[in-house]
Amino acid sequence: MKTKLLILATLLLLSCTSKINNDDFISKAEGRYFFNADEIIEVYFKDKELFLKWRNSDLKPLKVNDSTFYARELNEKLIFNTSDSKIVLAEKREHKDEKLVFVKLKEGEKTPTEYLKENNFEMALKGFLSIKEKDSLSPVIRQRTINRKGYAFLKNNEIDKAITTFKINIELYPKSSTCYYSLGDAFLEKQDTTKAITYYNKALSINPENRRAKKSLKRLKKE
């Protein structure tokens, strides 16, 4: 009974709250925020109502008060701290006492993957290294995660971006046979067999049992 009353009270409060936001809040709140180390959640406004763009979806949070919004799809209450350019998630049991914060990106700032899509090796590497320094176990910098990005570029015939991606993986994991083999694949797609052979051999020097590298070299020798 108490739970039902609480839900009804919340719905009543939301219905009484104006959806319109003032100009000062809009100018300070809109922008791109780090959802995690390599993912963005964007805040934008339509007719002074607040919306979120997240993972290619447009979300329309419920306004609780002038600085707080409830995003049903995230099941999170977002509290805007515009003076510090951040969004703080309201505390809840699932957070396990961890304070979760989305920090606003500076003008022109991008995620490492966004830099990859621009084929900007230097900035992408800097971003991934920064993530590794802060959290070496971050899923964002897992070897297989970055490798998948490289092969996705290859599949889309964006070979130079694939090469950049695999080179970054080598910088992060210089002792990985897989990283060198993948770079060999990218150069093979670029029809640079000399470099492809170089990286396949490097993969085998690290792991002589790398079957894929052996198979690729054998095929190239036949050709």
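The values are calculated or read from the model by the stated rules, or taken from the named source; none is laboratory data. Because the structure is a prediction, the values reported are computed rather than measured. Positions of Cβ are backbone-derived with ideal geometry, glycine not excepted, and every protein chain shown enters the neighbour counts.
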**OP:** Give the stretch 208-223 a look and list any residue that's assigned to a loop (DSSP other than H, G, I, E, B), surrounded by 10 or more Cβ atoms within 10 Å (Cβ to Cβ) and either out of contact with any Phe, Trp or Tyr (no Cβ under 9 Å at 6 or more places or on another chain) or at pLDDT below 90 (or both), or say none.
**Re:** P208
**OP:** Kindly establish whether L188 is at pLDDT 95 or above and either under 23 Å from N119 (Cβ atoms) or out of contact with any Asp or Glu (no Cβ under 6 Å at 6 or more places or on another chain) (or both).
**Re:** yes
Original post:
Within the group T145, T165, which residue is on the phi < 0 side of the Ramachandran plot, at pLDDT 95 or above and in contact with a Lys or Arg (Cβ under 7 Å, 6 or more places away or on another chain)?
Top reply: T165
**OP:** Having 2 or more residues that are in contact (Cβ under 8 Å) with a residue 60 or more places away in the chain and under 15 Å from the mean Cα position of the chain (by Cα) is the bar; report the strands (runs of 3 or more DSSP E) wholly within the stretch 44-158 that clear it.
**Re:** 101-103
**OP:** Would you mention how many residues in the stretch 163-202 are within 17 Å of K126 (Cα to Cα) and either among the hydroxyl-bearing types (S, T, Y) or assigned to a helix (DSSP H, G or I) (or both)?
**Re:** 11
Subject >> Count - residues of the stretch 32-46 that are in contact with a Gly (Cβ under 8 Å, 6 or more places away or on another chain) and surrounded by fewer than 17 Cβ atoms within 10 Å (Cβ to Cβ) >> reply: 1
**OP:** Output the residues belonging to the stretch 61-78 that are basic (K, R) and within 20 Å of K28 (Cβ to Cβ).
**Re:** K63, K77
**OP:** Report yes if Q191 is within 16 Å of the chain's Cα centre (by Cα), surrounded by fewer than 18 Cβ atoms within 10 Å (Cβ to Cβ), more than 30 Å from F80 (Cα to Cα) and free of Cβ contacts under 8 Å to residues at least 40 places away in the same chain, otherwise no.
**Re:** no
